[in-house]
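Please treat every number below as a calculation from the coordinates, not as lab data. What you see is a predicted model, and the numbers here were worked out from it, not measured in a lab. Heads up, the Cβs are rebuilt from the backbone with ideal geometry, glycines too, and the neighbour counts pull from every protein chain shown.
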Amino acid sequence: MIETFITHFQEGFIVFLLPFILTLITLSCGLIVWQKQRLKMTATSRLKFSENTLWLFALSPWGAGMLALGVVNYSGPAHGLIAGVIHWHASHLSSLLSWHSLSALVFSIFLVKYLLRYSVLLIADYKKINLLKQLSTKDGDVYHIESDVNHAFCAGVIRPHCFLSSNLKYQLSKKEYDIVLRHEQAHVDRYDPLRKWLMGMLTAFFPLTVARLIQLNMSLVCEQAADGMASNNNHDKIDVAATLVKFSKLKASKKSSTKQSPITSDFSLAFDHDALRQRVLCLLDDKETKNSTIPPIVITIIVSTSIILVDSSHHLIDSFLLH
Amino acid sequence: MQLGDLEKQVLQHLWKVQSASAKDVHKDFATHRTGSLNTIQSTLDRLYKKELLSRDKQGHAFQYSPKLERQEFIAQLIKSISNEFSADQEHSLLAAFSSVSTEFGTTELDSLEEMINKRRRVLAKIDNND
């Protein structure tokens, strides 16, 4: 009885895992090639990912796994056209010492590890932001931080809040200060820290470079969305761009009072410089940027192929390893 | 890390006076709030255990001082919030108006500023023609 349950459980895991890994590998390779091509282009001609495409990227491996599991479980062992292609007839042959068991075990360990990591992160974030709130002065919905360094950010995964350095009021004009406030309020309204947290969790199984690429693009998308929400017309957009550059100039002129060196990799440094440029260019551009339909189509093809190949890939691995 | 109301007040006080014993803090606090010397002593001890204060034994009493200056402490707190999620601060759980960590070159920022001014001039011209 217990053995039957474990066998079914591990088989379910394998049906989920094979398309999950196939989609993950194919998407990762595609994204690395795309990034290499992208860096050769100028900032304006680069293909931009929409937020929906990024979510599609992150959710695809999980979606492929779940869909394969659904198709195999609900279409019966060998009935119908779909079941004919995506059939699964290995459950009665399975052994607890097979690669199926080992893969299911390793994947479960990683899954639990990541779930724990992101839960701990959520608690740590909550505690640190609470402490920051205690050391700040509340004025309406905004927390003012007494600091020489210019800060303007939104933080808090579950309950986001705006934090601004108190001296920003004196360094920016009323209009500029209002733009910064509207921008941060947009992050609060959009629950951007929560979006980033979810994106981080979903991309945890991607190779590090690919995960970082998706996450950095997500940060850029969030900033651009908040820039857009902080501006209502073309004049406003230019003001937002000007405020962004002025704020960056203020930050550049005032070095952090901490002796600690900033922990930023060359990769994110390069991306960040590019991201600032892209944000400004996007704000100065009148034309509405159209999102490319190519990535969603490519992703759909990759996911479908991974699901169709579930049994063939299983047989291919079986020819090398013990079933 | 969570700070109680008294802990927060004691820490703020020590940031102001730099160094004090439990007796000194109690004396300074006596004018505007009630609380026994024992309460102040245990509050200082809790802050020390939370690694927010350092202490030196002078005679029979401990002399407490903040481990970090207020601004430095806040800067480190913000940095730790932005670091906790990823080694890349740019994908931290913070959504910052401009990068938390990256300092941009003046030439780069000047060229962006020039582009903005150019666009302003073009828009002004269009408005005048209308």
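Here is how the numbers come out for the structure above:
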| item | result |
| --- | --- |
| Calculated diffusion of the stretch B:2-77, Stokes-Einstein form, Kirkwood radius summed over Cα pairs, 10 °C and 1.306 mPa s, µm²/s | 128 µm²/s |
| Least to most buried among A:180, A:15, A:188 (fewest other Cβ within 10 Å first) | A:188, A:180, A:15 |
| Ratio of Rg to Rh over chain B (Cα coordinates, Kirkwood Rh, two decimals) | 1.29 |
